[in-house]
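Quick note: the coordinates plus some simple rules give every number you see, no bench work behind them. Bear in mind the structure is a predicted one, so any value in this text is a computation, not a measurement.
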Amino acid sequence: MPAERPASAEPPSDVLAVIRGVLLSDAEAENMCATIESADDDDLWVQVTIDAFNAAYPFPGEPPATLSAQGCPPPTWATLVGWEAGVYATFTHEDATAEELGRFLMDYFAAVLGEENPSFDTVIEDLGIEDFG
């Protein structure tokens, strides 16, 4: 059973707005990606799509155990789907609300990326992915 996280920080309004923009928009949302990046260090980032989040991952070990050891265990709604040591970790976020995802990402920035009170640059972009099915 994963360790419990302490009360999460509320995400800044601009961060919550881009997460909502991806999660709550129309059918085109499947092609949208919100990038949330530290204004002070562009190596500290997360990307959010309608069904997953991808984040900078500066550790060599497997993400779930490492995140738990850092005090930021993955929530029950997050499932690891890919990672590269020292580069990134990608999780699905099934059934998470924008607020839950935003709070977890603030915890991630603080506990995993070491950014306790960062300023953020945010953007939503269309990835232009075509459905060829």
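Using the rule -39500 (n - 2.57) for each DSSP H run of four or more residues, divided by the residues of the chain, the 222 nm mean residue ellipticity is -7000 deg cm²/dmol. Per 5 Å bin, what is the whole-percent P(r) computed from every C-alpha pair distance within the stretch 53-122? Spelled out per bin, shortest first, that is 4, 17, 29, 28, 17, 5. Spherically averaged projected area of the convex hull of Cα atoms, the chain: 8.1 nm².
Amide H contacts of Tyr88: Tyr57, each under 5 Å away and 5 or more positions distant or on a separate chain (H built 1.01 Å from N in the peptide plane; Pro and chain starts excluded).
Per-residue Karplus couplings for the stretch 66-78, computed as 6.51 cos²θ - 1.76 cosθ + 1.60 with θ equal to phi - 60°, are listed in order as 5, 4, 4, 5, 7, x, 9, x, x, x, 4, 7, 9 Hz, Gly and Pro entered as x.
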